Every structure is written in structure tokens, then in C-alpha cells.
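One structure is given below, encoded as C-alpha cells.
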Amino acid sequence: MEKGALKFIIKHPTLDDAQAITDLVALCDIEDIGEPDITLSDVLDMWSSIPIETDAWIAVSVTGEIIGYGFVEVTGANRMDTCVFVHPQFKNQGIGSLLLEKVEARAHVLAEGKEGKQKLMNQLSFTNTAARKLVEDRGYQFSRLYERMKIELEEQPNQYQLPEGITLKHFQPDHDEETLFTIYDETFQDSWGYTKKDFSTWISQKKGDGYDPSLWFLVWKDSKPVGFLMSRMQEDGLFIDLLGVKREYRKHGIGKALLLYTFGIAYQRNQKTILLYVDSDSLTNANRLYQSVGMRPHSQTAVYMKELN
């Protein structure tokens, strides 16, 4: 493909491209939010759940440099997610448009034969106005704003007492998987964009490269699970992946206790940076919970949606 003076080709990546793609996305992050928000393990984790030979693409310059990257991932019964990245020095050359065309064509194929409305979610930096205009011109509608929240621990966090009769236990591998999925599925039905997931696919994705069962916790009332937290260590800090509490047990300090317990473990491991993403319009006011433990917004991600059929 040739666009003006720039020549490049679009093709599917291989595992050998993972580090170069990580470096590319990191450059885009630095331009948008001032620091990288991706690690090699993030890329490899995602690739463990998508066939990159059909559902991911790279733009490669004539010198062999990867200057663009995009993918589409089936994330639920009626939902697919995509992100497209273009090297900051090669913007406005048609790379993003071509990658998005590939993504959408593949998404339509994946949507064939499925029941219900299929939605394609495109996530991009809120400050990237050019990318936002590109997706808007292609028929996407702004749906949601997510905040990247962060805290730098300066001292050992205080432990928060759980309500009487509630106990916190570490996740037991090869024993608690289905219990964890059940409590996740129930608690996240209140979240925007929820869609039914397959257990085996979901748990295999969560047990990717950054999997550490010592950073997964379940909260119990007698023999009944009522809450959970899943986190993992990354190169840039401890990332809280998911946190959920059953509706009837909310507003009793369980979520706060899970957070502070996780903070304490991170501090003991000499990891002072804690990160997570939260819906800025969370139906459960999750952003208020995170602010109550000292976390503050750091950057914003816009989610655009397009119906496929």
C-alpha cells in the first residue's frame, strides 16, 4: 500500500512481533498520557485469547518498522472490542483508516450467525482528537469514558476490618475457578457493557502470562461467596483487574477491605504503584470507592460503539 510518499504493507503479526508492538503502543501511550500503559505480558495475554493470524494486523514500513497495529477480540456473546494504534511519527498517512477497515471487515465475519445485536467497541485515548474524529466519521458513537486511576503508596496501608461474619480468603487454584466465575458473572451484571461470557474462555484469559493466584481473593459469608478481587503484577505496578461485591452486601466496607488488603500485599512486595480502570459513570459508584482509598484519576479512555447488524 502506498499513501503519498509513505509506503507500507498491512499483514498479520507473528509472535516475534510482540515486543515491537509493545514498543509501538508504549510510544502512543507516552504521546497521549505521558507514560506507557502496556507491557509485553499484556500483549501476550491478549494474544492467548485471539487468533492473531486472522484477528490482528500490523502496518510495516519499507524499512521493516512496525508503524501501526490493530486487533479485534470477541469479549462476550454480543460484544467485540478493538483498538488501533499508529506510530506518532506516521499519523495522517491513512494507516489508521486501513487498519480499522480490516478490523470492521473481520468483525462482520465474526458476527455472522450470532443472535442479538452485535456491538463493536473501540477504545482510544480521550485526548486523541484525530482518532476520535476518525471513528466518528465511520459511524461510531461515543458511549463511555473510563478513568485510569493510580496511587503511589508512601507507607504500609492500614488494614480495614470486614463486617462481622465476613471472611477474606486467598483463591485456591484448581478449586475456586467456577466459584470465582459465578460471583464475577453475578456482580458485573450491574456494569455497563456487560455481556454473557463463556467460563472456560474467561478463566483461560485471566490465567495468562501475569497470572498470580496469590493476588486473587474471595470474600465469604459462611459458605457463600459474596465478593472477589483479581489483580496481577505488571512492570509498571500492581494492576487491579476486577473487583466485585454482591448487591445485597455492598456499602458495608467489603470492597474497601479488599482494596486495602491488596495494597498491603503490594507494599510488602515492594510495589508502591497501584493501577486500575473504572467507568466514570459506574452504576455502583465504584470511582467513589477508589477515591476513598486514595486513588486519583490519571488519564481517560473513550469508548465508542458501533452496531454490526
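The values are calculated or read from the model by the stated rules, or taken from the named source; none is laboratory data. Quick caveat: nothing in here was measured; it's all calculated off a predicted structure. Quick reminder, even Gly has a Cβ in these numbers, built from the backbone with ideal geometry, and neighbours come from all protein chains shown. Remember, those area values only see protein heavy atoms, side chains included, never the ligands or the DNA or RNA. Shrake-Rupley method; radii C 1.70, N 1.55, O 1.52, S 1.80 Å.
At 1.4 Å probe size, put Met305, Met230 in order of accessible surface, largest to smallest. Let's see the in-between values first.
Details: Met305 35, Met230 0 Å².
Of Met305, Met230, the descending order of accessible area is Met305, Met230.
Which sequence of Tyr160, Tyr146 reflects their accessible areas, 1.4 Å probe, from the largest down?
Greatest to least solvent exposure: Tyr160, Tyr146.
Under a 1.4 Å probe, what is the accessible area of the chain per residue, stated in Å²?
48
Taking GluC sites (Glu not before Pro) as exposed when DSSP calls them loop (any state but H, G, I, E, B) and at most 13 other Cβ atoms lie within 10 Å, what is the longest stretch of the chain free of them, the sites themselves excluded?
1-111
With every protein chain left in place, what is the accessible area of Thr182 in Å² (1.4 Å probe, nearest 10)?
Solvent-accessible area, nearest 10 Å²: 80 Å².
Pull up the cross-link candidates among the lysines for Lys169, meaning alpha carbon to alpha carbon under 19 Å and not fewer than 8 places away within one chain.
Cα-Cα hits under 19 Å: Lys206, Lys207, Lys221, Lys224, Lys246, Lys256.
In the set (i) 20.1, 69; (ii) 21.1, 73; (iii) 22.6, 73, which value of Rg and Dmax of the Cα atoms in Å was calculated from the structure you see?
Among (i) 20.1, 69; (ii) 21.1, 73; (iii) 22.6, 73, the one derived from this structure is (i).
So how much accessible area does Val278 have, in Å² to the nearest 10, using a 1.4 Å probe?
Surface open to solvent at Val278 totals about 10 Å².
Hey, what angle do you get for helix 18-33 against the long axis of the chain, alpha-carbon based, 0 to 90 degrees rounded to 10?
80
Using a 1.4 Å probe on the protein chains only, how many percent of the accessible area of the chain belongs to carbon and sulfur?
Whole-percent figure for carbon plus sulfur exposure: 48.
Regarding the range 35-168, what whole-number volume in Å³ per residue does the convex hull of its Cα atoms give?
On the way: hull volume 27.5 nm³, N = 134.
Cα convex hull per residue, to the nearest whole number: 205 Å³.
May I have the count of lysine pairs in the range 87-162 with C-alpha atoms under 25 Å apart, counting pairs 8 or more residues apart or located on different chains?
So the count of such lysine pairs works out to 8.
When only DSSP loop residues count, what trypsin sites (Lys or Arg not before Pro) in the range 160-249 have their Cβ near at most 13 other Cβ atoms within 10 Å?
Loop-located and lightly packed - Lys196.
Where does each of Asp209, Asp185 land when they are ordered by accessible area, with a 1.4 Å probe and the largest first? Present the calculation step by step, with values, prior to reporting the outcome.
Numbers: Asp209 105, Asp185 15 Å².
Sorted by accessible area, descending: Asp209, Asp185.
Within the set of other residues whose C-beta is less than 14 Å from the C-beta of Asp198, count the net charge using Lys and Arg as +1 and Asp and Glu as -1.
Taking every other residue near Asp198 into account, the sum is +1.
If a/c stays under 1.5 just call it rounded; otherwise compare a/b with b/c (prolate if a/b is bigger, oblate if not). Do that for the range 251-296, with a ≥ b ≥ c from the square roots of the Cα gyration tensor eigenvalues.
oblate
About the Cα centre of the chain, how large is the charge dipole given +1 on each Lys and Arg Cβ and -1 on each Asp and Glu Cβ? Please answer in debye to the nearest 20.
Roughly 840 debye, rounded to the nearest 20.
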